[in-house]
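Visitor: Can you keep this structure in mind? I'll have questions shortly.
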């Protein structure tokens, strides 16, 4: 099981600019989103964060971001089914709802099912042989599931577009008697 990862939300999309919910819609990056991905790669290189592989959601916005990062980092991209954004059903294409943690959405994926899907995808990620943390490129909705999976609490609802975040699994330590 992975003990540390670098997470990077995809770069800016038209849905981000317009404030509408993309969900399962396969939207692409804006020019600014592509520039953000190049900046994220430069940041990782400047910090000396060599990664062995980029795991990516198979949705276009994540794959575009992952491809830019992988090219700069000289590694491969592995699309991972299950890391896609939550399917918001009838709410997709509309304004982002105030309650993003609602359990049910009309004709969409329940919060429980979404969390289970992403968790199963994370559980299935191979641990790189060299022990270096992989880069995971996914979505805003993936962030809280990843935090929970690693045993972390975050004050961020989600990180900004294309801003790499280094994350390490927290191990609970019980009191010794």
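Visitor: Among 122, 135, which is modelled with pLDDT of 95 or more, more than 22 Å from residue 41 (Cα to Cα) and surrounded by 20 or more Cβ atoms within 10 Å (Cβ to Cβ)? Outline the logic, then answer.
Guide: Values: 135 fails: more than 22 Å from residue 41 (Cα to Cα).
Testing whether each residue is modelled with pLDDT of 95 or more, more than 22 Å from residue 41 (Cα to Cα) and surrounded by 20 or more Cβ atoms within 10 Å (Cβ to Cβ) leaves just 122.
Visitor: So residue 133 clears everything in (1) in contact (Cβ under 8 Å) with a residue 24 or more places away in the chain; (2) outside any loop (DSSP other than H, G, I, E, B); (3) over 21 Å from residue 29 (Cα atoms) except one condition, right? Which one?
Guide: Result: residue 133 fails condition (2) only.
Visitor: Looking only at residues in region 161-177 that are over 22 Å from residue 135 (Cβ atoms) and modelled with pLDDT of 55 or more, which one is farthest from the chain's Cα centre (by Cα)?
Guide: The residue in question is 172.
Visitor: Then there's this: Failed condition for residue 12, given (1) closer than 28 Å to residue 126 by Cβ; (2) touching a residue at least 40 places away in the same chain (Cβ under 8 Å); (3) in contact with a helix residue (DSSP H, G or I) (Cβ under 9 Å, 6 or more places away or on another chain); (4) crowded, with 18+ Cβ neighbours inside 10 Å, with all others met?
Guide: (1)
Visitor: List every residue pair whose Cβ atoms sit under 7 Å apart, with the two residues 6 or more apart in sequence or on different chains, where the first one lies in region 139-150 and is under 16 Å from residue 4 (Cβ atoms) and the second, anywhere, is modelled with pLDDT of 95 or more and part of a helix (DSSP H, G or I).
Guide: 146/122; 149/119; 149/122
Visitor: With the condition kept exactly as written, say whether any residue in region 97-116 is surrounded by 20 or more Cβ atoms within 10 Å (Cβ to Cβ), under 18 Å from residue 36 (Cβ atoms), in contact (Cβ under 8 Å) with a residue 12 or more places away in the chain and out of contact with any helix residue (DSSP H, G or I) (no Cβ under 7 Å at 6 or more places or on another chain).
Guide: Checking region 97-116: not a single residue is surrounded by 20 or more Cβ atoms within 10 Å (Cβ to Cβ), under 18 Å from residue 36 (Cβ atoms), in contact (Cβ under 8 Å) with a residue 12 or more places away in the chain and out of contact with any helix residue (DSSP H, G or I) (no Cβ under 7 Å at 6 or more places or on another chain).
Visitor: Does residue 2 meet the test of being surrounded by fewer than 20 Cβ atoms within 10 Å (Cβ to Cβ) and under 18 Å from residue 146 (Cα atoms)?
Guide: yes
Visitor: Given (1) at pLDDT 95 or above; (2) in a loop (DSSP other than H, G, I, E, B), identify the lone condition not met by residue 149.
Guide: (2)
Visitor: In addition: Filter region 54-69 down to the residues that are more than 30 Å from residue 110 (Cβ to Cβ) and surrounded by 21 or more Cβ atoms within 10 Å (Cβ to Cβ) and list them by number.
Guide: Of everything in region 54-69, those that are more than 30 Å from residue 110 (Cβ to Cβ) and surrounded by 21 or more Cβ atoms within 10 Å (Cβ to Cβ) turn out to be 68, 69.
Visitor: Would you check if there is a residue in region 79-94 being farther than 25 Å from residue 148 by Cα, buried (at least 21 other Cβ atoms within 10 Å of the Cβ), in contact with a helix residue (DSSP H, G or I) (Cβ under 8 Å, 6 or more places away or on another chain) and in contact (Cβ under 8 Å) with a residue 24 or more places away in the chain?
Guide: no
Visitor: Can you name the condition, by its number, that residue 26 falls short on among (1) touching a strand residue (DSSP E or B) at 6+ places or on another chain (Cβ under 6 Å); (2) farther than 10 Å from residue 69 by Cα?
Guide: (1)
The values are calculated or read from the model by the stated rules, or taken from the named source; none is laboratory data. It should be emphasised that the depicted structure is a prediction, and the values quoted were computed from it without experimental measurement. Please note: Cβ atoms are built from the backbone with ideal geometry, for glycine as well, and neighbour counts cover all protein chains shown.
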